[in-house]
Structures are given as structure tokens and as C-alpha cells.
1. Using a simple spin-label model with points 7 Å from Cα along the Cα→Cβ vector, what separation in nm is obtained for GLU308 and ASP53?
2. Residue by residue, what Karplus-based ³J(HN,Hα) values in Hz, rounded to whole numbers, does segment 248-261 have, using 6.51, -1.76 and 1.60 with θ = phi - 60° and x for Gly and Pro?
3. Less than 29 Å apart at the alpha-carbon level, and either on another chain or at least 8 residues along: which lysines does that give for LYS26?
4. If you wrap a convex hull around the alpha carbons of the chain, what volume per residue comes out, as a whole number of Å³?
5. Students often check this: by mean Cβ neighbours within 10 Å, which of 334-347, 4-17 ranks highest, and how do the rest follow?
6. When the chain is fully extended, how far beyond the present Cα-Cα distance does SER119 get from LYS71, taking 0.36 nm per residue of separation?
7. What is the calculated FRET efficiency for SER339 to THR153, with r their C-beta to C-beta distance and R₀ = 22 Å, to the nearest 0.05?
8. Which residues' amide hydrogens lie under 5 Å from the amide hydrogen of CYS176, considering only partners 5 or more residues apart or on another chain, with H built in the peptide plane?
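A short reminder: the numbers here are calculations on the coordinates, not readings from a lab. Note that the structure is predicted; figures quoted are calculated from it, not measured. Heads up, the Cβs are rebuilt from the backbone with ideal geometry, glycines too, and the neighbour counts pull from every protein chain shown.
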Amino acid sequence: MNKELKRLQAYPFQKLTALLDGTSTKSRDRAIALTIGEPKHGPPDFVLEFFQDPSKLSAALGSYPETRGLKSLRDSIAKFLGKRYNLKSSIDSERQVLPVNGTREALFAIAQCVLSKNSNGLVLMPNPFYQIYEGAGILAGGNPYFINCFEDTNFQPNFEEVDASTWAKCELLYICTPGNPSGAVISLETMKTLIQLSDEYNFVIVSDECYSEIYHKETSPPPGILQACDRLNRVSYKNCLAFNSLSKRSNLPGLRSGFVAGDAELIENFLLYRTYHGSAMPLHHQYVSELAWADEDHVEKNRSLYREKVSEVLKILETVLSVSRPECGFFLWPQTPGSDTQFSVDLYEQTNTKILPGSFLSRDTFLGNPGKNRVRLALVQPLEECIEAARRIKHFMNNL
């Protein structure tokens, strides 16, 4: 067996199951889970209509898909990127775009392709973080290095704490913007600085942007790494890759459809890796993905639903918890009055409401654990259910 498997930690939801093992709720209220960031809004009608057409399905299911993906899908993604980020130069859909089976598998696989297996090589990532980054780095022979996201830096990675010797060992930098769990956005200027650092120290930047389309000021969409490259007149996007998905944007987590775009040389090698990896997207998924990336009406409606839920829940919770309005995304990241794990256990026991301890999403560093005494609330359930959960939390807090 791969000895590195022993270095992997249990996934946050496994930790939560273990934490609540042996605890039973005393509440008679129905269960509400704000734990997993799995969108519950309905999928676009045109997706359902496609899957109800036997002739289209039959043709798609009867052919092996190419790993490179359909040109029409890559063109749709390139047009989305160009319009969304107001790019001065067009994305080359032939060389700079690659469909992937959701960002999760691709964020993992890119580390296997990029890392040199140098025993001193580092994989830098935010802390808290999406645990795939850590597992990918470890299993590819790298060593995770955590960049803290505390409140005093507005929950953004504190890149100033990274010294020159650490950058020199960095082979891969994961960033997540908008961030999970805080919704914090890395500025265009900070991204430009990171690009300049990648030039100096020769590391790859992987930007996880799967929450990019859930922003709460309609006139202020968050920037992306390709946009930063474009503003620096770097049409090659050297060392930079953007990852995005239809899971959050279009409420299609079960479709497992996303893309990677950027540096053509990196994508060429990633395509070679993926050809052996066996990760071609099914054709029927490609066809509906092409439609989804081309349509913005359903995305705007989706944003408005999340915007309403965030606002309504905040009205209730901000009277009893220290919680800030996120710039983007559907998570809240409130501070708890004590231990985040005990808070989660007690809340479940008394209200039949499940939330995720923040310490399960982060790691201890010499500066502390940025997830300690915080919890993540995923506002993915219907509005009424999110409001009910918030009321339960308020009642729980008032009775502490």
C-alpha cells in the first residue's frame, strides 16, 4: 500500500459522525443539516429537458467520449470566461481549456501531474481549506504548508507570513477564491503579486473558483486568476490554472462537470495525465454542460435565492453570535462562545440541528488554529428551513 495513505486525516464529515456518535437528540423537531455544501435548488429546466429526450441520450451513451472534450463545450467555456472576466484576449479553447469531472477530482489530479516528488517540495494552501488540497499534496509526494486565514486579515490567506525560503520550496499553491468557508475574496492586486512570486520561484498557482458565481452584490463579481493574468498582459497564463464547476453555479452537483483553464503547456501535460487516468466526461454530461455555461438567467436566479437566505439568517443570528456577512458563497462562519466541537454536540442534542465544527476544516499551526471556536453553516436548504435552523440556534444561545 502507498505509505502516504497513513498521513491522511479523516474527512470533516467523518469526524462529525464520530463526534456525534453516542449522542442522541432530545428535540422532537425534524432534523435540519447545515453541514454539507450540497446545493438543493432545482436544476435548470433545459438540463431536465435534455435528459428526457431518448434520441439525444441514446446517441450520447453509445459513444466513447474523448478526454479533451467536445470542441463546442470548450468553446462555450471559453466564451463564459471571456465575458465573465472581461478578458482583453480570447481564451484559446483548443489549448487553454479542458473539461473535467467536477473540480474535486481535478483539484486532486493536478497535484499528481505537477509535483516533482522532491522530498523538500511544498504544497501551499489556505487554512481553513478544502481537504482535497491536503490529500492531493500528500499522495503526490509533497508536504502541505498552511497559510492562515484569521479574522484580522478578513479571513484571507496571510501571504505575508510566508518567507522567501518557503516560497523557494513551493511547487504548487492552492488558493480558493471566494473562500470556503468564509466567502472572502482575494483581490486582483494580491493575485498579481502571487503571479509575480510564481515567476520568481517557479511554482504553479491553482485557483479554486467554484463559488465565483454566488456573489451578493450583483454589480461586484469577484475577480479570478485568469483576469489577473489578463490585466498583466499575460495571455499565456503561465503557471496559472483556474478551476470551476457547474455544481454551485447551476445546482448540478450530481452532474460532476467542471473545467480547468489557463496555461496551455500545463493543460497539455494534464491532458496526457488524464488520458491514462481515464477521466473523460460522459458525452451527455458534455452536451448539457455546454448549455449551462452559455446561460446566465438561471445563475442570476440562483444568486438571488442565496442572497435572500444569507440576509434572513443573518438578521436572526447576528443578535446572538459574532458573525459577518460573507462577500460570496452560501456559508456563514460565526464565532462560538467556547469550543466549536462542544457547541456542535450541544446544538444537535438540544435542537436536532447539525453544523460543522470549524476546527475540522483547518489545522493547528504555530499561530494557532483559525477554525477553532468557529462553525460553518451551509445555507443550502430551502429558505424556511434555514430560517428555522437560525431560530433554533438563537433559542439555544439564549438558553446557555
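1. It is 3.1 nm.
2. Each residue of segment 248-261 in turn: 7, 4, 10, 6, 10, x, x, 6, 6, 9, x, 8, 10, 9 Hz.
3. LYS15, LYS40, LYS309, LYS315, LYS354, LYS372, LYS394
4. Numbers: hull volume 59.9 nm³, N = 400.
Dividing the Cα hull volume of the chain by its residues yields 150 Å³.
5. Details: 334-347: 18.5, 4-17: 13.9.
Going by the mean number of other Cβ atoms within 10 Å, highest first, we get 334-347, 4-17.
6. Values: separation 48, 0.36 × 48 = 17.28 nm, distance 3.91 nm.
Gain on extension, SER119 to LYS71, equals 13.4 nm.
7. Values: r = 23 Å, r/R0 = 1.07.
Result of the calculation: an efficiency of 0.40.
8. Amide H neighbours of CYS176: ASP208.
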